[in-house]
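A quick write-up on the structure given underneath.
The values are calculated or read from the model by the stated rules, or taken from the named source; none is laboratory data. All values reported here derive from a predicted model rather than from experimental measurement. Methodologically, a virtual Cβ is constructed for each residue, glycine included, from the backbone with ideal geometry; neighbour enumeration extends over all protein chains shown.
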Amino acid sequence: MRPFRLVKVAGKSILKNKMRTLLTMLGIIIGVGAVLVMVAVGDGAKSQIENQIRNLGSNMLVVTPGSSSAGGVSRGSGSFNRLSLEDAEKIRNESVFVSMVSPVVTTFSQIIGGSGNWRARLNGVDVDYLLIRDWDLASGSWFTPQDVRSGKKVAVLGTTVADKLFSGQDPVGQTIQIRNVPVQVIGVLEPKGQTPEGSDQDDVVLAPYTTVQQRLSRFRFISQILVSTSNQNDIPAAQEEINQILRESHGLAQFEENDFEVKNQTQLADAASGTTEVMTLLLAAIASISLLVGGIGIMNIMLVSVTERTREIGIRMAIGARGSDVLVQFLIEAIVMSVLGGAIGVAVGFGGAALVANITGWSTVVEPNTVIVALVFSAAVGIFFGFYPARKAAAMNPIDALRFE
Amino acid sequence: MDESVVIRTRGITKVYTMGTNQVHALRGIDVDILKGEMVAIMGASGSGKSTLMNIVGGLDYPTAGTYELDGIEVSALSKNKLADVRNQKIGFVFQGFNLLARTTAVENVELPLLYDRLGRVRNPREAAVRALTRVGLGDRVDHLPNELSGGQQQRVAIARALVTEPAMLLADEPTGNLDSVTTVEVMTLFQELNDSGITILLVTHEHDVASYAGRVIELRDGRVIRDEYQERVSARDDLERILAERRMDEMEEVQS
C-alpha cells in the first residue's frame, strides 16, 4: 500500500472521531505548549543576561584578586588581594595584545551634593576606562591623562547619583563633597542599566584612580584591573599573557596557584547564565511530564480504538491487508494525532510565551531549535505510545477479529 | 494441472486443541471446484463448513493436506503471501455485510484495491464505481452504509468482493441477515454473476438458498457426505413470481 494512501486512511479515521481526537490531542497540545513556554522563559532570561554581559564592554578582560588558602582552607575570592597599580602598569608596558588598561579602585562613600546626600560606589579609574566599558558621556567632559597624573579632584557621575544629588539640575561644573574633600563634577555618564546580578551600574561616581587612592581612600591594593584588546581574536592570547605577567610580578613559583583571576566576557556570561540554564532544563523537564502524560493518553485511546475496531481490522485483513499494513495504519494514526497536537501546541506555545511576556514583563524567546525539538519529540511520543496498540492490532487473527461483536 | 480447476483440496484435516481435548473439525476433504461453477456448501452447525470456508478463503491453515487455489499451493504460504492471495484471488461476502461504518459505498468498495501490491488498478475509484454499477448501485455511490437497506448493503459487499476481479467469490451465509424477498434478489445477482463466468462458493445451511446453486457439497462431522450436481432453480423466476404474488395480494386488499 502506498504511503500517501496510508496517511489518507489514517486521516479519515481520525476525522471520524473529531471530539475524541481533539481530547486526545489536548494532552500533546498542552505538553508541547508548556515545554515551549517554559523554555521560552528560560531562554529569554539567558539572552537577557548575555545582553547585559555584552553591555559591560567590548573585548574586555577583567583581572580580579584571587583567593588565599591557609592549611587547606580556602578563604574565597578576593581574600588575598595582591593586585596593585604596579601590576596594571606592567600589563600596560609589557603586554603585546592588550590595547587599553585601567585599574579600578573601589570604595563606598557618602557623597554630599547640590540638593542632597547619597551613599554610592566610588570608582577610581584611568582614562581608558570609558572606552573599555564602551560607555559614553551624556554631558560634560571626561578627565584627561594630565588630571590622572596630578590627581586632580574631578569626578564624573552616573545618572543615578546625578539624579539623587542634583535632581533636575545640571551637575556639570558643580562641586560635591566626598569625605570632606571638595570635588568638581565635570561630566555625567549615559545610563547603563543593571548588571546580571541586578546591581545598578549607574549608581557610581568615577574619579581618577590617583585621586581616589591618594586623597579619598588611601587603599594600596586595587579591586580590579580592566583590560581590553583591539581585536576579539586576541582575547585568549591576552589572557595567557596577563597570566604570565602577573605570575612573574607576584613572584609565584611554578607549583603555586594564581593569586588572581583573569576572566573574559564569555566566562562571565557562562557563570551568570549557568543558573538560568539549569532553570530552563528544570522547567522543561517538568513540562515534559505533561507531554509524557499526553503520550499515555494517546496510547490509551489507541488501545480503545483498536478494540473498538477489531471488526474493521478483521475486514481489512480478510480483503488482503497484511499485518504490517494494519500496524502502519494505526501507527500513522497515532503519529498524525501527536504531530498535529504538537503543531497546535507550538502555536499555543508561541501565544503562551507572548502572554507570559506581556503579563510578567519577562523577556521570552522561542528559539527555532525549540520548535523543531518539540515537533520531533511529539512525533517520537506518537511512535513510542502508538507502537504497542498498533502491534496489538496487527497481531490479530482475522477469523477471530471478524467474529468479534 | 487442469487450468479450469479453481480449487483443489486433498486430504485436508483441521484439528483444534482445546486444553487436553482435540477437536477434529475436518477429517480429510477432497474437493475439486471448476471454473465457472456455483457451488453451495451445506451442513449443520458443527459440520465443519465454517472451518472449510476459512481454509478455502485463505484465512486459516489446514493441519494436514494440500490446497491449491488457482494453481497456487496455498497451505505452504507465509502469512503475508496468504494476505496477498486473499487480496488477489478471493472476494469475500459475509453474512453481516461487514462494511466499514461511516465510510461511503464507493470507499468501501475501493478498500481491497488499497492493499493491492501489484498496483493493477490505476484508478481505484473508477473501478469501484464500475463494480457498484455492476451490482445495480451505480446511483448509491456516495451513500453511507446506514443510509442503505440490508439488500443494498450486501450488494455493496458483493461489489467490494468483485472489484479485484478475483478467481472466486466466497460467500458465507450471504442471505442470513436478509428477508425472503431480498434473499431472492441477492441470489438473482449471484446467478447473474455466475452466468458471466464468475466462480461462486456459497456456504449456507438453507436448502432454499442451496437450490439456486448448480452443485451441492454437504458436510457432516468433518467429512463430505454428498457432492452432486443439480438442476439449479432460477432465482429471477422466483423473484418475479414473488413480486407478482405481492401485487395480487395488494390488489385484493384494495378491492376488499
Exercise. Of the conditions (1) free of Cβ contacts under 8 Å to residues at least 12 places away in the same chain; (2) in contact with a strand residue (DSSP E or B) (Cβ under 9 Å, 6 or more places away or on another chain), B:T199 clears all except one; give me its number.
Key: (1)
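Any residue at all in segment A:368-388 that's among the hydrophobic types (A, V, I, L, M, F, W, C), assigned by TED's automatic domain parsing to the domain that holds A:L303 and under 14 Å from A:V306 (Cβ atoms)? Lay out the reasoning, then the answer.
Just the residues of segment A:368-388 that are among the hydrophobic types (A, V, I, L, M, F, W, C), to begin with: A:371-377, A:379-381, A:383-385, A:387.
Those still in the list that are assigned by TED's automatic domain parsing to the domain that holds A:L303 too: A:371-377, A:379-381, A:383-385, A:387.
Going one step further and asking which of them are under 14 Å from A:V306 (Cβ atoms), we end up with A:385, A:387.
Scanning segment A:368-388 turns up at least one residue that is among the hydrophobic types (A, V, I, L, M, F, W, C), assigned by TED's automatic domain parsing to the domain that holds A:L303 and under 14 Å from A:V306 (Cβ atoms).
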Quiz prompt | Which listed residue is within 21 Å of B:L114 (Cβ to Cβ) and of a type in the set (V, I, T), from B:I12, B:I29, B:I90 | solution = B:I90
Quiz prompt | Where a residue in segment B:78-93 is facing chain A (nearest Cβ under 9 Å) and its partner, wherever it lies, is hydroxyl-bearing (S, T, Y) and assigned to a helix (DSSP H, G or I), with Cβ under 8 Å and at least six apart | solution = B:N80/A:S324
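Tell me whether segment A:162-172 contains one or more residues that are in a strand (DSSP E or B), in contact with a Leu (Cβ under 7 Å, 6 or more places away or on another chain) and either crowded, with 16+ Cβ neighbours inside 10 Å or modelled with pLDDT of 85 or more (or both).
Within segment A:162-172, not a single residue is in a strand (DSSP E or B), in contact with a Leu (Cβ under 7 Å, 6 or more places away or on another chain) and either crowded, with 16+ Cβ neighbours inside 10 Å or modelled with pLDDT of 85 or more (or both).
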Practice problem: Would you mention how many residues in segment A:187-215 are touching a Ser or Thr at 6+ places or on another chain (Cβ under 7 Å) and either at pLDDT below 85 or surrounded by fewer than 23 Cβ atoms within 10 Å (Cβ to Cβ) (or both)? | Solution: 7
Self-check item: Which listed residue, of A:A379, A:A357, A:A401, A:A353, is in contact (Cβ under 8 Å) with a residue 12 or more places away in the chain, in a helix (DSSP H, G or I) and within 14 Å of chain B (Cβ to nearest Cβ)
Solution: A:A401
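Yes or no, residue by residue, for (1) within 20 Å of A:I399 (Cα to Cα); (2) of a type outside the set (S, T, N, Q); (3) in a strand (DSSP E or B); (4) in contact with a His (Cβ under 7 Å, 6 or more places away or on another chain):
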| position | (1), (2), (3), (4) |
| --- | --- |
| B:Y16 | yes, yes, yes, no |
| B:Q22 | yes, no, yes, no |
| B:A25 | yes, yes, yes, no |
| B:A40 | no, yes, yes, no |
| B:S50 | yes, no, no, no |
| B:P62 | yes, yes, no, no |
| B:S75 | yes, no, no, no |
Quiz item: Residues in segment A:276-283: is at least one modelled with pLDDT of 80 or more, assigned to a helix (DSSP H, G or I) and farther than 30 Å from A:N51 by Cβ?
Solution: no
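Report whether or not A:T364 is in contact with a helix residue (DSSP H, G or I) (Cβ under 9 Å, 6 or more places away or on another chain), at pLDDT below 90, loosely packed, with under 15 Cβ neighbours inside 10 Å and over 26 Å from A:G320 (Cα atoms). It would help to see each step written out before you state the result.
Values: in contact with a helix residue (DSSP H, G or I) (Cβ under 9 Å, 6 or more places away or on another chain): yes; at pLDDT below 90: yes; loosely packed, with under 15 Cβ neighbours inside 10 Å: no; over 26 Å from A:G320 (Cα atoms): yes.
No, not satisfied.
Test A:G71 against the criterion of being at pLDDT below 70 and either at negative phi or not aliphatic (A, V, I, L, M) (or both), and give yes or no.
Values: at pLDDT below 70: yes; either at negative phi or not aliphatic (A, V, I, L, M) (or both): yes.
Answer is yes for this residue.
Determine which member of the set B:R140, B:R160, B:R125, B:R155 is within 14 Å of chain A (Cβ to nearest Cβ), out of contact with any strand residue (DSSP E or B) (no Cβ under 7 Å at 6 or more places or on another chain) and either outside any helix (DSSP H, G or I) or surrounded by 22 or more Cβ atoms within 10 Å (Cβ to Cβ) (or both). Please lay out each step first, then the result.
Working: B:R140 fails: within 14 Å of chain A (Cβ to nearest Cβ); B:R125 fails: either outside any helix (DSSP H, G or I) or surrounded by 22 or more Cβ atoms within 10 Å (Cβ to Cβ) (or both); B:R155 fails: within 14 Å of chain A (Cβ to nearest Cβ).
Within the list B:R140, B:R160, B:R125, B:R155, the selection yields B:R160.
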Quiz item: If only one of B:G36, B:G48, B:G96 is in contact with a helix residue (DSSP H, G or I) (Cβ under 8 Å, 6 or more places away or on another chain), of a type in the set (G, A, S) and either within 10 Å of another protein chain (Cβ to nearest Cβ) or under 20 Å from B:A213 (Cβ atoms) (or both), which one is it?
Solution: B:G36
Quiz item: Do you know which residues across segment B:194-233 are exposed (fewer than 14 other Cβ atoms within 10 Å of the Cβ) and assigned to a strand (DSSP E or B)?
Solution: B:I225, B:R226, B:E228, B:Y229
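Among the residues that make up segment B:148-156, is at least one of them basic (K, R) and in contact with a Gly (Cβ under 9 Å, 6 or more places away or on another chain)? Spell out the reasoning first.
We begin by selecting, within segment B:148-156, every residue basic (K, R); these are B:155.
Within this subset, residues satisfying the condition of being in contact with a Gly (Cβ under 9 Å, 6 or more places away or on another chain) are B:155.
The answer is yes; a qualifying residue exists.
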Quiz prompt | Selection within segment B:163-190 - touching a residue at least 60 places away in the same chain (Cβ under 8 Å), surrounded by 19 or more Cβ atoms within 10 Å (Cβ to Cβ) and outside any loop (DSSP other than H, G, I, E, B) | solution = B:M168, B:L169, B:L170, B:A171, B:D172, B:F190
Exercise. Look through segment B:99-122, keep the residues that are within 22 Å of the chain's Cα centre (by Cα) and more than 12 Å from every other protein chain (Cβ to nearest Cβ), and return whichever of them is surrounded by the most Cβ atoms within 10 Å (Cβ to Cβ).
Key: B:A105
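Which residue, of A:M337, A:M302, A:M317, is within 14 Å of another protein chain (Cβ to nearest Cβ), crowded, with 24+ Cβ neighbours inside 10 Å and hydrophobic (A, V, I, L, M, F, W, C)?
Values: A:M337 fails: within 14 Å of another protein chain (Cβ to nearest Cβ); A:M302 fails: within 14 Å of another protein chain (Cβ to nearest Cβ).
Criteria check complete, one pass: A:M317.
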Quiz item: Just for segment A:320-334: of the residues that are charged (D, E, K, R) and within 8 Å of chain B (Cβ to nearest Cβ), which one is nearest to A:I383 (Cα to Cα)?
Solution: A:D325
Self-check item: segment B:51-60 - residue that is under 14 Å from the mean Cα position of the chain (by Cα) and among the β-branched types (V, I, T) and, of those, farthest from the other protein chains (Cβ to nearest Cβ)
Solution: B:V56
